[in-house]
1. For the stretch 491-510, give me each residue that is under 54 Å from the mean Cα position of the chain (by Cα) and touching a residue at least 24 places away in the same chain (Cβ under 8 Å).
2. Just one of (1) at pLDDT below 90; (2) more than 30 Å from residue 304 (Cα to Cα) trips up residue 174, so point out which.
3. Say we look at the stretch 142-158 and pick out the residues that are crowded, with 16+ Cβ neighbours inside 10 Å and under 15 Å from the mean Cα position of the chain (by Cα); which of these is modelled with the highest pLDDT?
4. Taking the stated definitions as given, is residue 282 in a helix (DSSP H, G or I) and either in contact with a helix residue (DSSP H, G or I) (Cβ under 6 Å, 6 or more places away or on another chain) or modelled with pLDDT under 85 (or both)?
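The values are calculated or read from the model by the stated rules, or taken from the named source; none is laboratory data. Nothing here was measured: the structure is a model prediction, and the numbers come from that model. Because the Cβ atoms are built from the backbone with ideal geometry, glycine has one as well, and the counts that use them run over all protein chains shown.
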């Protein structure tokens with residue numbers, strides 16, 4: 001490319017683009033210097049190349065003054081590719097357009113995003129399922145992945161990684177993985193080879209296996225380091241880039257809550273907290289530090305997780321966990337990437353502690369960011385929180401039966417019938433025999449009592465007692481509930497003429513199959529059974 005430019009075969013320089021390109025370059029360099037990810041940088045470069053390639057084909061003048069209009073036309077072209085040509089996905093369309101808009105907003109010092117000037121909108125999500133069953137499945141897959149990482153690290157000891165090949169990794173599932181550390185499988189040696197070639201290959205394999213250094217074992221070393229890094233992220237909540245750039249130190253542990261705060265030894269208690277770990281992880285982490293020191297004795301201040309390239313150089317970019325992904329597919333378990341590990345950790349801590357402020361401190365976020373970005377809604381947790389809210393703010397307590405409660409402590413009547421449902425703040429019938437239950441002086445309440453009595457009548461009508469039943473029909477809980485509801489309605493009927501009209505109106509509505517909304521669905525289901 002440089003030769004073509006020097007020879008002028010690519011045409012004259014487009015000077016109107018110089019300032020725009022310089023600003024884009026400065027923005028990307030600033031992100032990288034500030035700790036940004038190299039992979040994010042590659043995505044930005046890819047988006048810029050696409051944009052400028054389109055500009056060349058379209059004949060657009062990509063200058064600082066015209067680039068905003070050109071960007072909008074480019075997104076229209078992307079939209080055409082998605083809707084008509086169907087060669088890109090909706091997610092890719094949004095991601096590349098948003099990424100380019102973010103860079104353009106910084107370059108042009110815009111207050112509102114360029115994305116708002118386009119016809120591209122964020123794809124609608126499918127929603128997050130957080131039923132109890134699905135949540136247990138998610139946790140189960142995370143536990144399975146954690147067990148796999150633990151088995152991997154336990155098997156790749158110093159003796160195993162420096163010893164004979166292959167290294168056998170037994171898993172608690174009963175499966176066994178073999179790692180040849182760069183050597184081809186022996187079954188491939190005799191494929192279309194002469195006797196001389198096979199002998200030469202065997203000598204090369206023997207020399208490779210005898211050389212237990214990083215030159216031949218770097219793939220095994222990288223495998224354990226990647227597994228240890230994922231476990232470290234799950235424990236500390238660090239993001240991948242932070243964990244990758246963390247350097248070795250003489251760590252000092254300070255007890256904190258149910259774990260430890262880890263500081264640099266030279267700063268002791270006055271130093272900044274580098275990260276926090278759970279108590280049970282300390283022994284595991286110390287074992288990894290000992291293993292790392294054995295492999296990297298000359299780098300006491302190097303990276304905590306030093307991944308090695310072929311040839312012995314330290315990798316500068318964070319890992320993508322390609323090998324661990326392949327191993328997960330081979331044993332049919334789900335790969336849990338760092339971002340999902342951190343999210344699972346945060347949500348588990350939120351559900352266990354019910355303390356967003358404490359979890360936000362552990363996750364190194366503000367409480368607002370934790371709730372907005374990381375916290376996932378969970379039905380059981382939401383029900384508990386809603387119940388607590390109403391208990392604290394609602395002066396009356398809504399029972400499952402018509403009426404109100406003056407206390408959340410269920411207490412049976414003194415003369416409660418022997419087989420009557422006991423009050424438990426759950427069953428509708430139980431509330432009828434609770435000393436804390438109160439009726440409401442309203443026509444709606446009378447209608448609700450009549451509808452509930454009709455529902456209980458259907459329940460009693462469907463009851464078929466077995467021959468050995470000890471509870472005969474006149475002792476059935478539904479009948480006792482009906483008698484209690486009838487007594488309440490009789491009280492209203494005898495109280496005054498107005499109250500009698502309420503009872504008559506409720507009786508007519510029941511005859512017309514016009515039931516109270518609180519019981520209408522239950523009654524119709526009971527009729528269908």
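1. Of the residues in the stretch 491-510, the ones under 54 Å from the mean Cα position of the chain (by Cα) are 502-503, 505-510.
Listed by number, the residues that qualify are 502, 503, 505, 506, 507, 509, 510.
2. The one condition residue 174 does not meet is (1).
3. Here the residue is 145.
4. no
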